[in-house]
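**Student:** Sharing a structure here in structure tokens format.
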Protein chains: 2
Amino acid sequence: MKIALAQINPTVGDLAGNAARIIDFAESAAREGADLVVYPELCVTGYPPLDLLESDAFIDAAARTMEHIARQVPESVGIILGCPLRNPSPIGKRLINAAVLFEGGLEVGRVTKVLLPTYDVFDEYRYFEAGTTGPPINFRGLRLGLHVCEDMWNNEEQADYHLYAANPIDELAAQGIDLYVNISASPFSHGKHRRRCEILEEICHEHGKPFVLVNQVGANTEVIFDGDSRVHNADGTLAVCAPSFSEGLVLWDTQAPTSMCTKTHDRIADMHDALVLGIRDYVQKTGAFEKALIGLSGGIDSAVTAALAVEALGPDCVDGVTMPSRFSSTGSVDDSRSLAENLGMTIHEIGIAPAVESFEQMLEPLFKGTSFGVAEENIQARSRGVTLMAISNKFGHLLLTTGNKSELSVGYATLYGDMSGGLAVLADVFKEDVYALARYVNQRADREIIPRATLEKPPSAELRPDQLDSDSLPPYGVLDDILERYVERLQDVDVIEAETGYERSVILRILRMVDRNEYKRRQAPPGLRVSAKAFGMGRRLPIVMNPTHRSIPVTPEESA
Amino acid sequence: MKIALAQINPTVGDLAGNAARIIDFAESAAREGADLVVYPELCVTGYPPLDLLESDAFIDAAARTMEHIARQVPESVGIILGCPLRNPSPIGKRLINAAVLFEGGLEVGRVTKVLLPTYDVFDEYRYFEAGTTGPPINFRGLRLGLHVCEDMWNNEEQADYHLYAANPIDELAAQGIDLYVNISASPFSHGKHRRRCEILEEICHEHGKPFVLVNQVGANTEVIFDGDSRVHNADGTLAVCAPSFSEGLVLWDTQAPTSMCTKTHDRIADMHDALVLGIRDYVQKTGAFEKALIGLSGGIDSAVTAALAVEALGPDCVDGVTMPSRFSSTGSVDDSRSLAENLGMTIHEIGIAPAVESFEQMLEPLFKGTSFGVAEENIQARSRGVTLMAISNKFGHLLLTTGNKSELSVGYATLYGDMSGGLAVLADVFKEDVYALARYVNQRADREIIPRATLEKPPSAELRPDQLDSDSLPPYGVLDDILERYVERLQDVDVIEAETGYERSVILRILRMVDRNEYKRRQAPPGLRVSAKAFGMGRRLPIVMNPTHRSIPVTPEESA
């Protein structure tokens, strides 16, 4: 039997568009002789549909769309679709997260997702009632171990601990299956690809059955899906594999097991491709923008953002603006011009002095007797923000923000200033990785895209004379390490101190900066997620809080 | 036996401060002869602690704090505390949401929350594993039916449908109890008070037992808790009741049942009190601001925001700024001055013309040949935003935004302009209710606080000549009705059209405006929640989406 892995890029909510795409893939698969076409989790609605799932009208329309698709695909193929459906039970959440098998326009099998991820960016128990592991589904003589995404992840070898009592993989094996079929919407984060491979290999080794996994590809607001759909043979080897970060239709013949070479992955290259996809899908799926717009400072963050945007949209669809102030180095304009030239994109120059001077004059009566400080620094950043947003509003450009995760963590950014924009490209990339991305961009092009001066100058916000990031922050290597431990691994001061030996006062100061700047992040534009713990919907902290827990003494018994 | 209802206002994360408060209440209760002091749900950490719960250091410190409290309270009282604790089972979420009874410094009883709200602003299954209904807990001869918040809400009479299979109230009754004890962190929304009363009366009628409910009071970021802790007698009548919107310690003697008059509630008065508490707690709990700052436009929204802020903080702690432009009516300054005078607050005047002209001049080369439009309107709103934020940064004032829910719904607000600020006071109040609040403010003061001119003038953003809200929006009565149905009740166009008879094209236009402006709301400051469905953490929608479901045809079978 020939199984087609239909790795599609759906748009959330776009039932009509997703249906057309699904039917199109089914037709291609049928032409190639497929018996069965498998699509990703919730492919009808796109993932994550979030609170669209609370609309009765949306749920009804999704069900109608699914039936419509089933009637439109070629008779020769069965299709497995993911779709939210009403919970048939009168008790529990109103919906289930279902995988449905259709043949000849009729539903011939259905399973309900058993394990509902409700952590990080996932809120599935907000909407769905959990099912129990379904019986194998017979299709043209094969018993399919059909299940949905998270259902494959409760593996003893992989999990730190058991989040769930059920183990659908084991339960399906116990019922007798010929192969596993998993439909997923499993987001990209660097390193996750390896874990996914390992868990698949282990399942194959343990149960001796082939494993078909079809994952969504594409970006929906902040969450990026890498695709990487695949079939592992019963011995765990990789049989076939769809591309990462783009759509693909891959066929696998159950009768003719193949073994292809393993895919190689590089952390920075993956991050690059994920961010490019994130920008492109934001622009294409909203359909609201002709171009992207970027404020170019001459620094590394805006340079990398511009390079990614040009890769995503082409040089004609990215405009830069350099906006020198009285504190800007000559490099800020020159290096921005070099970058724009290297990328083949347009750059405008608009000095912000007139606006800054006007604000200072307007505020003079109130500010008399005070000295230059954060208020004045922010007026500069915000004058740039107003300028960029005016261009964005006038010409319908998408303003991209350029701040990285290190800065966003410690609040080293101006709300309504450089934080203005529709999409925060580097919000989940620590500063040291921004440099690595810059080097990768140049290496990939085999020429200087990011100017050497930009790569080599010490980071500065240039909001007062001779300002350097290192005046108020530890070196980025140390800062990024502390931040990664606190923000991503949720370590606190004691553990960080014990494991790194950094000075406690430095660690504490950084942790407090992170806590105190939650209010800024709450108002940040959505940021593209490339780590397992990004700011945004996957990290939910109070703004009003007083984290005194670090001052609660550890009792002698506990520290013993 | 004397039971004290300790309705405290904890600060999220402030273990040290919350402990001091809890001990203080226990000492007062002991002096009044209490046997048992009952505190709200998660009183040790404050509610909602959100992702602080994912920090091991925080969880350990919370447990230590709970033990510390137990050792410090007077020996004569037992105490019931709410605290997150580690899940003793190796399977499932890492934590449980517990209610723990201490006597003489020792834990003598513990129950685990059974029903975990995971909808709207609640994310409990993100953190907690559900328990099973605990056995009654014996305390000084009484069998307490102890349970936590949501555990009392799965009532057949109240629920539209059964969200949960378990019913702790019935299960406790079946095990034999003398009275119910519920510890809650049950947020305020207008109308909820009545539902809470009804469900308590029904439980008492059904099971014939008294009911003690202790609810948190205070605001934590956007969520406001009204307190309203209470004891209902076995016959359902109200025995004692703590205040709404402020802390209180109320004693109830099980031996001497009392019957007090019922509390009366007025929707607008409650909303007023909730918003005042929300402002006050934001300022006091962050401890970061000396004053609040408000841009005064002469319109109804900024006037009501100012009145609420003055009520919350006092006139000396609220400054207003009027910022006329070339399009401002004379009323915008005069009415703002009258308001400030009525409220006894300071007002500054800063004309924004210099900044606006500077931006226009800076952008002239780029904008040449284009006509005045949204870009130019937004430059005005953003010049005001920069001015206000400069004052906020310079003097450490909390900038309050003034936009209401109607405007925020349809995107009738400028991102980084009038949406700039730390707290959105009226973000969950529709325009018609803003007027009702204004009338209530004047009626309550028995004099003109909100100037009559402000109450009577037609709403306008004054961003171009002779602009009126009604130019581009239906009358607020119609608009608010459509919005309430779509945003709060999740109705879609078919239902709204059928129930109201409004023109379909008008409804569709409003719905599309709401959808399209999700990107603005994502970057809005937190808004005080007073309805059952506010924007913010309780409503999670994709920005990148294409809601084509309204164009999916309804099949003949379905419409039949």
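The values are calculated or read from the model by the stated rules, or taken from the named source; none is laboratory data. Just so we're clear, the structure is a prediction, and the values are computed from it rather than from any experiment. Note that each Cβ is placed from the backbone with ideal geometry, even for glycine, and that neighbours are counted across all protein chains shown.
**Student:** Counting just the residues of the range B:344-380 that are surrounded by fewer than 14 Cβ atoms within 10 Å (Cβ to Cβ) and among the small types (Gly, Ala, Ser), which one comes out farthest from the other protein chains (Cβ to nearest Cβ)?
**Tutor:** Residue satisfying both the conditions and the ranking: B:Gly344.
**Student:** Still on this model: Here are A:Ile69, A:Ile80, A:Ile59: which of them is surrounded by 21 or more Cβ atoms within 10 Å (Cβ to Cβ), over 27 Å from the mean Cα position of the chain (by Cα) and within 29 Å of A:Glu222 (Cα to Cα)? Talk me through it step by step, then tell me what you get.
**Tutor:** Working: A:Ile80 fails: over 27 Å from the mean Cα position of the chain (by Cα); A:Ile59 fails: over 27 Å from the mean Cα position of the chain (by Cα).
Among A:Ile69, A:Ile80, A:Ile59, only A:Ile69 is surrounded by 21 or more Cβ atoms within 10 Å (Cβ to Cβ), over 27 Å from the mean Cα position of the chain (by Cα) and within 29 Å of A:Glu222 (Cα to Cα).
**Student:** Could we say that A:Glu488 is in contact (Cβ under 8 Å) with a residue 12 or more places away in the chain and within 30 Å of A:Asp316 (Cα to Cα) here?
**Tutor:** Values: in contact (Cβ under 8 Å) with a residue 12 or more places away in the chain: yes; within 30 Å of A:Asp316 (Cα to Cα): no.
No, not satisfied.
**Student:** Another question, then. Can you name the number of the only condition in (1) part of a strand (DSSP E or B); (2) farther than 30 Å from A:Arg382 by Cα that B:Leu400 fails?
**Tutor:** Of the numbered conditions (1) part of a strand (DSSP E or B); (2) farther than 30 Å from A:Arg382 by Cα, the odd one out for B:Leu400 is (2).
Table: residues versus (1) within 12 Å of another protein chain (Cβ to nearest Cβ); (2) β-branched (Val, Ile, Thr).
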position	(1), (2)
A:Glu499	no, no
A:Leu511	yes, no
A:Val530	no, yes
A:Met537	yes, no
A:Leu541	yes, no
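**Student:** Another question about this same structure. Between residues in the range A:7-27 that are surrounded by fewer than 24 Cβ atoms within 10 Å (Cβ to Cβ) and residues that are among the β-branched types (Val, Ile, Thr) and at pLDDT below 95, which pairs lie under 7 Å by C-beta distance while being six or more apart or on different chains?
**Tutor:** Listed by first residue and then by second, the contacts come to A:Asp14/B:Thr548; A:Ala16/B:Thr548; A:Ala16/B:Ile552; A:Gly17/B:Thr548.
**Student:** Let me ask something else. How many of the residues in the range A:314-371 are outside any helix (DSSP H, G or I) and among the hydroxyl-bearing types (Ser, Thr, Tyr)?
**Tutor:** Start the filter on the range A:314-371 by keeping residues that are outside any helix (DSSP H, G or I), which leaves A:314, A:318-329, A:344-352, A:368-371.
Next, only the ones that are among the hydroxyl-bearing types (Ser, Thr, Tyr) stay: A:322, A:325, A:328-329, A:346, A:370-371.
Qualifying residue count for the region: 7.
**Student:** Considering only residues of the range B:116-125 that are in contact (Cβ under 8 Å) with a residue 60 or more places away in the chain and surrounded by fewer than 22 Cβ atoms within 10 Å (Cβ to Cβ), which is farthest from the other protein chains (Cβ to nearest Cβ)?
**Tutor:** Per the criteria, the residue is B:Val121.
**Student:** Looking only at the range A:179-200, decide whether some residue is buried (at least 19 other Cβ atoms within 10 Å of the Cβ), within 26 Å of A:Lys2 (Cβ to Cβ) and more than 26 Å from the chain's Cα centre (by Cα).
**Tutor:** Yes, some residue in the range A:179-200 is buried (at least 19 other Cβ atoms within 10 Å of the Cβ), within 26 Å of A:Lys2 (Cβ to Cβ) and more than 26 Å from the chain's Cα centre (by Cα).
**Student:** Any residue in the range A:501-516 that's assigned to a helix (DSSP H, G or I): show its pairings with residues that are at pLDDT below 95 at Cβ separation under 7 Å, as long as the two are six or more apart or on different chains.
**Tutor:** Listed by first residue and then by second, the contacts come to A:Val506/A:Pro474; A:Asp515/A:Pro547.
**Student:** Now, a different point. In the range A:116-156, which residues are closer than 22 Å to A:Ile91 by Cβ and touching a strand residue (DSSP E or B) at 6+ places or on another chain (Cβ under 8 Å)?
**Tutor:** A:Leu116, A:Glu124, A:Tyr127, A:Phe128, A:Glu129, A:Ala130, A:Gly131, A:Thr132, A:Thr133, A:Gly134, A:Val148, A:Asp151
**Student:** Out of the residues in the range A:319-349 meeting the condition of being within 33 Å of the chain's Cα centre (by Cα) and hydrophobic (A, V, I, L, M, F, W, C), tell me which one is farthest from A:Pro458 (Cα to Cα).
**Tutor:** Restricting to residues being within 33 Å of the chain's Cα centre (by Cα) and hydrophobic (A, V, I, L, M, F, W, C), the top hit is A:Met345.
**Student:** Kindly list the number of the only condition in (1) outside the structural domain of B:Arg539 (by TED's automatic domain parsing); (2) surrounded by 24 or more Cβ atoms within 10 Å (Cβ to Cβ) that fails for B:Ala256.
**Tutor:** Result: B:Ala256 fails condition (2) only.
Quick grid of which residues meet (1) at positive phi; (2) touching a Pro at 6+ places or on another chain (Cβ under 8 Å):
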site: A:Gly13; (1), (2): yes, yes
site: A:Asp24; (1), (2): no, no
site: A:Ala30; (1), (2): no, yes
site: A:Gly33; (1), (2): yes, no
site: A:Met66; (1), (2): no, no
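**Student:** Hey, can you tell me all the residues within the range A:318-347 that are touching a residue at least 40 places away in the same chain (Cβ under 8 Å) and in contact with a Pro (Cβ under 8 Å, 6 or more places away or on another chain)?
**Tutor:** Scanning the range A:318-347 gives A:Phe327, A:Ser332, A:Asp335, A:Ser338, A:Leu339, A:Asn342, A:Leu343.
**Student:** Check B:Ile482 against each of (1) surrounded by fewer than 18 Cβ atoms within 10 Å (Cβ to Cβ); (2) free of Cβ contacts under 8 Å to residues at least 40 places away in the same chain and name the one condition it does not meet.
**Tutor:** (1)
**Student:** Considering every residue within the range B:287-301, establish whether at least one is of a type in the set (Val, Ile, Thr), away from every other protein chain (no Cβ under 13 Å) and either under 21 Å from the mean Cα position of the chain (by Cα) or on the phi > 0 side of the Ramachandran plot (or both). Walk me through how you get there before you give the answer.
**Tutor:** Filtering the range B:287-301 for residues of a type in the set (Val, Ile, Thr) gives B:294, B:300.
Keeping just the survivors that are away from every other protein chain (no Cβ under 13 Å) gives B:294, B:300.
Imposing the further condition that a residue be either under 21 Å from the mean Cα position of the chain (by Cα) or on the phi > 0 side of the Ramachandran plot (or both) reduces the set to B:294.
Yes, the range B:287-301 contains at least one residue that is of a type in the set (Val, Ile, Thr), away from every other protein chain (no Cβ under 13 Å) and either under 21 Å from the mean Cα position of the chain (by Cα) or on the phi > 0 side of the Ramachandran plot (or both).
**Student:** Right, something else. Have a look at A:Val231, A:Val250, A:Val276 and point out the one that is at pLDDT 95 or above, touching a Phe, Trp or Tyr at 6+ places or on another chain (Cβ under 9 Å) and outside any helix (DSSP H, G or I). Steps first, answer last, please.
**Tutor:** On the way: A:Val250 fails: touching a Phe, Trp or Tyr at 6+ places or on another chain (Cβ under 9 Å); A:Val276 fails: outside any helix (DSSP H, G or I).
Exactly one of A:Val231, A:Val250, A:Val276 is at pLDDT 95 or above, touching a Phe, Trp or Tyr at 6+ places or on another chain (Cβ under 9 Å) and outside any helix (DSSP H, G or I), namely A:Val231.
**Student:** Can you give me the number of residues within the range B:423-448 that are surrounded by fewer than 23 Cβ atoms within 10 Å (Cβ to Cβ) and assigned to a loop (DSSP other than H, G, I, E, B)?
**Tutor:** 3
Every residue, every condition in (1) touching a residue at least 12 places away in the same chain (Cβ under 8 Å); (2) assigned to a strand (DSSP E or B); (3) farther than 30 Å from A:Ser55 by Cβ, yes or no:
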| residue | (1), (2), (3) |
| --- | --- |
| B:Pro84 | yes, yes, yes |
| B:Lys93 | yes, no, no |
| B:Asn97 | yes, yes, no |
| B:Val100 | yes, yes, yes |
| B:Val108 | yes, yes, yes |
| B:Val111 | yes, yes, yes |
| B:Val114 | yes, no, no |
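**Student:** Now for a different question. Only residues in the range B:43-59 that are touching a residue at least 12 places away in the same chain (Cβ under 8 Å) and within 7 Å of chain A (Cβ to nearest Cβ) count as the first member; pair them with residues that are assigned to a helix (DSSP H, G or I) and surrounded by 24 or more Cβ atoms within 10 Å (Cβ to Cβ), Cβ under 8 angstrom, at least 6 apart or cross-chain, and list the lot.
**Tutor:** Once the first residue is touching a residue at least 12 places away in the same chain (Cβ under 8 Å) and within 7 Å of chain A (Cβ to nearest Cβ) and sits in the range B:43-59, its partners that are assigned to a helix (DSSP H, G or I) and surrounded by 24 or more Cβ atoms within 10 Å (Cβ to Cβ) give B:Phe58/B:Leu52.
**Student:** Moving on. Name the single residue that is nearest to the other protein chains (Cβ to nearest Cβ) among those in the range A:381-422 being at positive phi and buried (at least 24 other Cβ atoms within 10 Å of the Cβ).
**Tutor:** First, pick out the residues of the range A:381-422 that are at positive phi: A:396, A:411, A:416, A:421.
Okay, now just the ones that are also buried (at least 24 other Cβ atoms within 10 Å of the Cβ), so A:416, A:421.
On the way: A:Tyr416: 4, A:Gly421: 9 Å.
Per the criteria, the residue is A:Tyr416.
**Student:** Only one of these conditions is not met by B:Ala532: (1) surrounded by fewer than 21 Cβ atoms within 10 Å (Cβ to Cβ); (2) assigned to a helix (DSSP H, G or I). Which number is it?
**Tutor:** (2)
**Student:** Which numbered condition trips up A:Asn87, out of (1) surrounded by fewer than 22 Cβ atoms within 10 Å (Cβ to Cβ); (2) in contact with a Cys (Cβ under 6 Å, 6 or more places away or on another chain)?
**Tutor:** Only one criterion in (1) surrounded by fewer than 22 Cβ atoms within 10 Å (Cβ to Cβ); (2) in contact with a Cys (Cβ under 6 Å, 6 or more places away or on another chain) is unmet by A:Asn87, namely (2).
**Student:** I need the full set of residues from the range B:372-386 which are more than 22 Å from B:Gly320 (Cβ to Cβ) and assigned to a helix (DSSP H, G or I), in order please. Working first, answer last.
**Tutor:** As a first pass, look at the range B:372-386 and keep what is more than 22 Å from B:Gly320 (Cβ to Cβ): B:372-379.
Matches in the range B:372-386: B:Val374, B:Ala375, B:Glu376, B:Glu377, B:Asn378, B:Ile379.
**Student:** I need a count of the residues in the range B:1-21 that are among the basic types (Lys, Arg) and either in a strand (DSSP E or B) or modelled with pLDDT under 95 (or both).
**Tutor:** Taking the range B:1-21 and keeping what is among the basic types (Lys, Arg), we get B:2, B:21.
Checking which are either in a strand (DSSP E or B) or modelled with pLDDT under 95 (or both) leaves us with B:2.
The total comes to 1.
**Student:** Just checking, how many residues over the range A:241-280 are among the polar types (S, T, N, Q) and more than 18 Å from A:Gly191 (Cα to Cα)? Walk me through it before giving the result.
**Tutor:** Applying the first criterion (among the polar types (S, T, N, Q)) to the range A:241-280 yields A:244, A:246, A:254-255, A:258-259, A:262, A:264.
With the extra rule that they be more than 18 Å from A:Gly191 (Cα to Cα), the set shrinks to A:246, A:254-255, A:258-259.
So the answer is 5.
**Student:** Restricting attention to the range B:321-350, and to residues there that are in contact with a strand residue (DSSP E or B) (Cβ under 9 Å, 6 or more places away or on another chain) and among the small types (Gly, Ala, Ser), which single residue is nearest to A:Ile391 (Cα to Cα)?
**Tutor:** Within the range B:321-350, the match that is nearest to A:Ile391 (Cα to Cα) is B:Ser328.
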